[in-house]
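Data block below; observations after.
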Ligand code: AMP
């Protein structure tokens, strides 16, 4: 696997590969790689001759400076995992390469409701940072397709809007959420859960599965959802939101019998903020 740290070197290399007719798939990450990330690499390898992964812990998307400081960094292990997965190129820029002279400003995009609700509401500025860094990364790689996880569902919608707004013709492929054997959505943040919180965290995916079963039985309603939230809170889980929304717009819905719904949850479990979701 080639490790490239500079944008101009990456650009030149990719241009050459494209001249040879190669299709380029791109998987942006913040490292601390787990099987969920590697599943994205595998999807990209199925559809492209060259797979590029980036690892960059982007300072501008952390609304909480403590979360940024505590973000796990496991670069040697990440490189090993990418090599065994058969990733072709790792783009590993530093902050100066992505934000020369500490210039963290860039023109913001108005994402409307999708940018201001759920994660956008709870983490002000988060999606501005995500859109900013993904635009820079996509312009550095210029892939044909990029692969993102449904785990960060709202982020996928934001990135699609950013690409549309900036007129960057890259197709986004949303890949399914990889879960631990017991159902917990894989996340780089899971390593910060102590034993008790790890056991409690399981309740998040279990609740989503319960809601999905209730939806399929046409029994999902507001009181079902508020009971679920109460049960989680009894366990000491701080639910930031658990909402049923329209899949494509994220608009609130009143009738939970409709099609194309998604349930999304964010919760604090033992001091670790976790998110999960399920398409209904
Ligand atoms: P991150 O390193 O957390 O920024 O994640 C990089 C990419 O991996 C994003 O597109 C995430 O949605 C995706 N991802 C994270 N966790 C999972 C998972 N459990 N299953 C599938 N994709 C994931």
### Query
Could you give the length gained on full extension between residue 20 and residue 268, defined as 0.36 nm per residue of separation minus the Cα-Cα distance, in nm?
84.4 nm
### Task
Between the alpha-carbon centers of region 8-67 and region 168-200, tell me the distance in whole angstrom.
18 Å
### Query
On a 0 to 90 degree scale, rounded to 10, what angle separates helix 222-234 from the longest Cα axis of the chain?
80 degrees
### Task
Specify whether the C-alpha gyration tensor of region 169-280 places it in the rounded, prolate or oblate class, a ≥ b ≥ c being the square roots of the eigenvalues: rounded for a/c under 1.5, otherwise prolate if a/b is larger than b/c and oblate if not.
oblate
### Task
Counting only C-alpha contacts under 8 Å and six or more residues apart, can you give the relative contact order of the chain as a whole percent?
18 percent
### Message
Rounding to the nearest 10 and keeping the result within 0 to 90°, find how far the Cα-based axis of helix 126-141 lies from the longest principal axis of the chain.
### Response
30 degrees
### Summary
Asserting the computed 222 nm helical MRE of the chain (DSSP H runs at least 4 long, -39500 (n - 2.57) per run, divided by residue count, to nearest 500) equals -13000 deg cm²/dmol
#### Entry: For a label point 7 Å along the Cα-to-beta-carbon line of residue 221, residues of region 242-280 with backbone N under 19 Å
243-245, 253-259
### Message
Based on the alpha-carbon set only, what is the convex hull volume of the chain divided per residue, in Å³?
### Response
132 Å³
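Would you kindly give the portion of the calculated P(r) for region 22-106 that falls above 14 Å, as a percent of all Cα pairs?
65 percent
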### Query
Out of 269, 27, 95, any idea which swings most in a Gaussian network model of the chain, alpha carbons joined below 10 Å?
95
### Query
With the calculation restricted to Cα positions, what are the radius of gyration and Dmax of region 187-237 in angstrom?
12.7, 37
#### Entry: residue 2-residue 233 FRET efficiency (beta carbon distance; Förster radius 41 Å; 0.05 resolution)
0.25
### Message
Rounding to the nearest 10 and keeping the result within 0 to 90°, find how far the Cα-based axis of helix 75-85 lies from the longest principal axis of the chain.
### Response
90 degrees
### Query
How long are the three semi-axes of the equivalent ellipsoid of region 150-206, in whole Å, if each is the root of 5 times an eigenvalue of the C-alpha gyration tensor, listed from largest down?
32, 11, 8
### DSSP-defined antiparallel bridges as percent of all bridges, the chain, nearest 5
50 percent
### Query
Going by the alpha-carbon gyration tensor, a ≥ b ≥ c the square roots of its eigenvalues, is region 46-186 rounded (a/c under 1.5) or, if a/c is not under 1.5, prolate (a/b greater than b/c) versus oblate?
rounded
### Task
Measure off 7 Å from each Cα along the Cα-to-Cβ vector at residue 199 and residue 253, then give the distance between these two points in nanometres to one decimal.
3.6 nm
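Any read-out appearing in this document is the output of simple, stated calculations on the displayed coordinates, not a laboratory observation. This is a predicted model, so every value here is computed, not measured. Ideal geometry is used to build each Cβ from the backbone, glycine not excepted, and the neighbour counts take in all protein chains shown.
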